[in-house]
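See below for the structure under consideration.
The values are calculated or read from the model by the stated rules, or taken from the named source; none is laboratory data. Just so it is clear, the structure is predicted and the values come from calculations on it, not from any experiment. Quick reminder, even Gly has a Cβ in these numbers, built from the backbone with ideal geometry, and neighbours come from all protein chains shown. Protein only, heavy atoms only, side chains kept; ligands, DNA and RNA dropped before computing areas. Shrake-Rupley method; radii C 1.70, N 1.55, O 1.52, S 1.80 Å.
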Amino acid sequence: MARDDGGAAGTVIVAFVLGALTGAAVALLMAPASGEETRKILAEKAREGRERATEAARQGREFVNRQKDTISSAIERGRDAYEQARTAGTRPAGGSGEPL
């Protein structure tokens, strides 16, 4: 049976990134530094966070696409198996001409 953990994994990644950004912002605001220096550091951390979030979103999209491909393939195999079974069930058995 397939596991549906794509949503949970994405939620954990987003929560981690947001927690890291929040922690970094609080640490910078509490540290003794000039306002200009603090703003520069915050801007850099925001850029880094955006890059991480973009990468996490890309990985999430790739995961979803892989899962979609897997599900599509499984559905196609199921259809093929159904058609084969249906065709095998309508063949004459022992020459009587009646379905099984």
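Would you please name the residue that is farthest from Ala8 (Cα to Cα), looking only at residues in segment 55-80 that are open to solvent by less than 90 Å² (accessible area, probe 1.4 Å) and of a type in the set (Val, Ile, Thr)? Residue satisfying both the conditions and the ranking: Ile75. Restricting the first member to segment 37-48 and to residues that are of a type in the set (Val, Ile, Thr), and the second to residues that are loosely packed, with under 13 Cβ neighbours inside 10 Å and assigned to a helix (DSSP H, G or I), no beta-carbon pair is closer than 6 Å while six or more apart or on different chains.
Ala31 falls short on exactly one of the conditions (1) open to solvent by 50 Å² or more (accessible area, probe 1.4 Å); (2) without any contact (Cβ under 8 Å) to a residue 24 or more places away in the chain, and that condition is (1).
Identify, from the list Glu51, Glu36, the residue that is modelled with pLDDT under 85, of a type outside the set (A, V, I, L, M) and more than 30 Å from Ala74 (Cβ to Cβ).
So the residue among Glu51, Glu36 that is modelled with pLDDT under 85, of a type outside the set (A, V, I, L, M) and more than 30 Å from Ala74 (Cβ to Cβ) is Glu36.
Within segment 6-19, residues that are within 18 Å of Arg66 (Cα to Cα) and modelled with pLDDT under 75 reach partners that are surrounded by 13 or more Cβ atoms within 10 Å (Cβ to Cβ) and not charged (D, E, K, R) with beta carbons closer than 8 Å, at six or more positions or on different chains, in the pairs Gly6/Gly60; Gly6/Phe63; Gly6/Val64; Gly6/Gln67; Ala9/Gly60; Ala9/Phe63; Gly10/Ala56; Gly10/Gly60.
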